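The values are calculated or read from the model by the stated rules, or taken from the named source; none is laboratory data. Because the structure is predicted, anything quoted here is derived from the model rather than measured. Here the Cβ positions follow ideal geometry from the backbone for every residue, glycine too, while neighbour counts run over all protein chains shown. Note: areas computed on protein heavy atoms with side chains; ligands, DNA, RNA excluded. Shrake-Rupley method; radii C 1.70, N 1.55, O 1.52, S 1.80 Å.
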Amino acid sequence: MQVTTLCLGALVFGEATGYEINKMFEDGPFSHFLDASYGSIYPALTRLTDEGLVTCKAEQQERRPDKKIYALTDRGRQSLRDALHTPLAEDKFRSEFLFAVLFAHLLPRSRVVELVDQRLAAMKAKTEELATKDPGDTPGMDFARLYGHAVYSASVSFLENNRHLIEDIAVDDKPQEAPREVHTHV
């Protein structure tokens with residue numbers, strides 16, 4: 001999904017600065033879905049302003065540059081609706097954990113156990129985080145939260161029930177002795 005569409009979506013919830021929109025993707029309501037960075041958000045907001053899809057007003061700040069506050073226009077809201085009717089890309093799942101366990105056969109068992117324990121702790125934390133509805137959640141946000149909770153809960157269950165499959169292929173923790181060279185004198 002294009003960053004312009006993500007910014008339009010963020011502004012559905014009200015006026016926001018580029019910083020506030022970025023926070024929505026870092027640790028706010030959009031943090032579980034897609035990534036957007038300052039380097040992509042600000043050019044997108046400029047483009048949306050130029051196209052009349054958002055407005056931008058400058059608010060003076062003491063000893064700081066003016067704060068730019070963006071708001072969605074009616075054309076911007078329609079543009080978001082149109083974008084949401086286009087075919088969606090397949091979800092992409094990226095995981096450093098899964099990359100590391102691809103090589104479990106090269107790692108000591110203690111490291112594989114550590115990786116699984118860390119992943120389990122992170123999944124359980126996410127499950128707890130998603131267990132509680134925020135008072136300001138929309139019905140769509142609540143559905144997404146419940147969906148995320150189900151996905152993380154399933155991950156916890158899978159890891160708890162199947163960790164042995166990956167731990168069992170790890171190498172023994174004991175250092176292996178190098179084979180002794182046999183010298184023959186002729």
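Taken over region 102-129, the criterion of being touching a residue at least 24 places away in the same chain (Cβ under 8 Å) and under 20 Å from the mean Cα position of the chain (by Cα) is satisfied by VAL116, ARG119, LEU120, MET123, LYS124, LYS126, THR127.
Return the residues of region 21-49 that are outside any loop (DSSP other than H, G, I, E, B) and buried (at least 17 other Cβ atoms within 10 Å of the Cβ); say none if nothing qualifies. Full working, then the answer.
Here is the first cut: in region 21-49, the residues outside any loop (DSSP other than H, G, I, E, B) are 21-26, 38-49.
Residues satisfying the conditions are ILE21, ASN22, MET24, PHE25, SER40, ILE41, TYR42, ALA44, LEU45, LEU48.
Pairing residues of region 13-27 that are under 16 Å from GLY76 (Cβ atoms) and in contact (Cβ under 8 Å) with a residue 40 or more places away in the chain with residues that are open to solvent by less than 10 Å² (accessible area, probe 1.4 Å) and in a helix (DSSP H, G or I), at Cβ distances under 8 Å and at least 6 apart in sequence or on separate chains, gives ALA16/ALA10; GLY18/ILE41; GLY18/LEU45; ILE21/CYS7; ILE21/ALA10; ILE21/LEU11; ILE21/ILE41; ILE21/LEU45.
Pairs linking a residue in region 151-179 that is at pLDDT 95 or above to a residue that is in a strand (DSSP E or B) and among the hydrophobic types (A, V, I, L, M, F, W, C), with Cβ atoms under 9 Å and 6 or more positions apart or on different chains, do not occur. As a summary of the residue check, TYR70 satisfies the conditions (1) at pLDDT 95 or above; (2) of a type outside the set (Lys, Arg); (3) within 25 Å of ARG145 (Cβ to Cβ) except for the one numbered (3).
Select from region 125-153 the residues that are in a helix (DSSP H, G or I) and open to solvent by less than 60 Å² (accessible area, probe 1.4 Å) and list them in ascending order. ALA125, THR127, GLY140, MET141, ASP142, ALA144, ARG145, GLY148, HIS149, ALA150, TYR152, SER153 - these are the residues of region 125-153 that are in a helix (DSSP H, G or I) and open to solvent by less than 60 Å² (accessible area, probe 1.4 Å).
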